[in-house]
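Have a look at the structure below before the remarks.
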Amino acid sequence: MIELLKQLCSLPGPSGYEDAVRDYIRAQAEPYADEIREDSIGNLMIFRKGRRQIGKTVMLAAHMDEVGLICKGYTEDGCIKFGFVGGVDPRVVIGRRVLFGEVRGVVGIKAVHLTTRAERQTMPKTSSLYIDIGASDKASAKKKVPLGAYGVFDSDCVPFGDGLLKAKAIDDRVGCAAMLTLLQEQPAVDTWFVFSVQEEVGLRGARCAAFALNPDICLVLEGTTAADLAEVDGAKQVCGLRRGVVIPFMDRSTVYHQKMFETLRMLAEQNGIAWQTKHRVAGGTDAGRIHLTREGIVTGGLAVPVRYIHSPSSVAAIEDVNGMLKLARHFLDYLGEGHDEF
């Protein structure tokens with residue numbers, strides 16, 4: 001699974017332009033799939049027959065898109081003015097490399113010796129940033145990067161430290177990698193694997209997919225904010241690396257189904273899988289739209305803690321990644337044993 005995750009994180013896939021990620025996942029899944037659907041918004045929905053039929057529609061979901069950038073204009077000297085696609089803290093991008101297709105650039109800001117004291121004491125606004133692509137003038141920049149072109153962080157996926165992984169887009173290529181692994185193994189029960197689009201700009205793709213499939217049970221696999229850093233105390237850490245897979249009971253978009261939460265916690269403890277929950281109500285996932293679809297859908301979630309989320313250098317622990325995969329697998333096995341009443 002870790003090799004799958006590395007491959008997925010290396011691909012560009014900002015919200016609304018997930019093509020490269022979708023094409024890769026489809027190619028990897030086709031030999032195992034019993035049915036593949038792509039809808040008009042771009043969701044990839046893959047059905048795999050399981051070892052048992054339980055008479056209920058089971059859905060696993062993870063989003064393909066990542067936060068990114070979009071070209072909004074140009075300076076006279078050939079730099080790109082841009083906006084963010086999804087939620088990005090402007091502080092984390094200054095001096096970072098970005099890619100618009102094959103065109104490389106660097107995010108710049110006014111030199112510090114030219115700033116006022118007030119400017120140095122406030123967070124920079126996106127409007128004060130630019131992307132230097134090495135163009136000689138405005139006309140050259142327009143040819144290299146058209147208006148409306150999507151960009152992503154230019155960041156390698158590398159292991160480091162004591163079992164950590166650094167990459168862009170761990171949110172939510174980690175969920176995609178886990179689902180692709182489960183699909184290739186053959187799940188315990190008939191399962192729809194939904195690789196959704198546009199989660200970072202409003203949970204949009206998941207709403208369409210859930211309406212189309214109308215599942216009885218859904219498990220969302222995600223990456224979630226971890227702030228387990230020096231000088232961050234208590235609940236403000238939200239969750240932490242190497243403390244296990246996160247089983248959330250609530251976030252800003254969802255109150256997760258109580259029995260789903262209790263079942264996932266029970267399965268983790270029975271199978272010796274380290275787990276934690278969020279200690280602060282933060283973030284949101286595709287579950288926010290899925291659980292409200294039609295008459296309502298029984299929805300639970302699993303997540304991998306991610307430091308520096310929505311940045312060029314997100315960090316996750318490999319043991320937490322493997323823990324989420326194991327717990328999702330045990331959940332499908334549990335359904336296959338006839339425990340499907342929620």
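See the values below:
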item	result
Residue match in region 228-235 (condition: among the aliphatic types (A, V, I, L, M) and at pLDDT 95 or above)	no
Per-region count, region 36-53, residues more than 21 Å from I290 (Cα to Cα) and of a type outside the set (S, T, N, Q)	4
Enumeration of residues in region 280-319 that are out of contact with any Asp or Glu (no Cβ under 6 Å at 6 or more places or on another chain) and acidic (D, E)	E295, E319
Condition broken by R52, with the remaining ones in (1) touching a residue at least 12 places away in the same chain (Cβ under 8 Å); (2) closer than 23 Å to L203 by Cβ; (3) open to solvent by 40 Å² or more (accessible area, probe 1.4 Å) satisfied	(2)
Candidates G86, G101, G42, filtered to the one that is on the phi > 0 side of the Ramachandran plot and loosely packed, with under 15 Cβ neighbours inside 10 Å	G101
Close pairs (7 angstrom Cβ cut-off, 6 or more residues apart or separate chains): at positive phi in region 178-191, of a type in the set (K, R) and not in a helix (DSSP H, G or I) anywhere	Q186/R48; Q186/R51
Residues of region 257-283 satisfying the condition of being modelled with pLDDT of 95 or more, at negative phi and in a loop (DSSP other than H, G, I, E, B)	H257, N271, I273, A274
Candidate set: region 183-228, residues that are in a helix (DSSP H, G or I), open to solvent by 10 Å² or more (accessible area, probe 1.4 Å) and not hydrophobic (A, V, I, L, M, F, W, C); chosen: the one farthest from E66 (Cα to Cα)	E185
Residue count for region 135-154, restricted to those that are over 31 Å from the mean Cα position of the chain (by Cα) and assigned to a loop (DSSP other than H, G, I, E, B)	3
Residue list for region 1-35, restricted to those being open to solvent by 40 Å² or more (accessible area, probe 1.4 Å) and in contact with a Lys or Arg (Cβ under 7 Å, 6 or more places away or on another chain)	Y32, D34
Residues of region 229-247 satisfying the condition of being over 20 Å from A328 (Cα atoms) and either in contact (Cβ under 8 Å) with a residue 60 or more places away in the chain or open to solvent by less than 20 Å² (accessible area, probe 1.4 Å) (or both)	L229, V238
Cβ pairs under 9 Å, 6+ apart, first in region 9-32 and closer than 21 Å to Q184 by Cα, second among the basic types (K, R) and open to solvent by 10 Å² or more (accessible area, probe 1.4 Å)	A29/R48; Y32/R48
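Quick grid of which residues meet (1) of a type in the set (S, T, Y); (2) open to solvent by less than 20 Å² (accessible area, probe 1.4 Å); (3) free of Cβ contacts under 8 Å to residues at least 40 places away in the same chain:
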| site | (1), (2), (3) |
| --- | --- |
| H279 | no, no, no |
| G283 | no, no, no |
| D286 | no, yes, no |
| V298 | no, no, no |
| L302 | no, yes, no |
| S311 | yes, yes, no |
| A316 | no, yes, no |
| G323 | no, yes, no |
| H330 | no, no, no |
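The values are calculated or read from the model by the stated rules, or taken from the named source; none is laboratory data. These figures come from a predicted structure and were not determined experimentally. Every residue, glycine among them, receives a Cβ derived from its backbone with ideal geometry; neighbour counts consider all protein chains shown. To get the accessible areas, we keep the full protein, side chains included, count just its heavy atoms, and leave off ligands, DNA and RNA. Shrake-Rupley method; radii C 1.70, N 1.55, O 1.52, S 1.80 Å.
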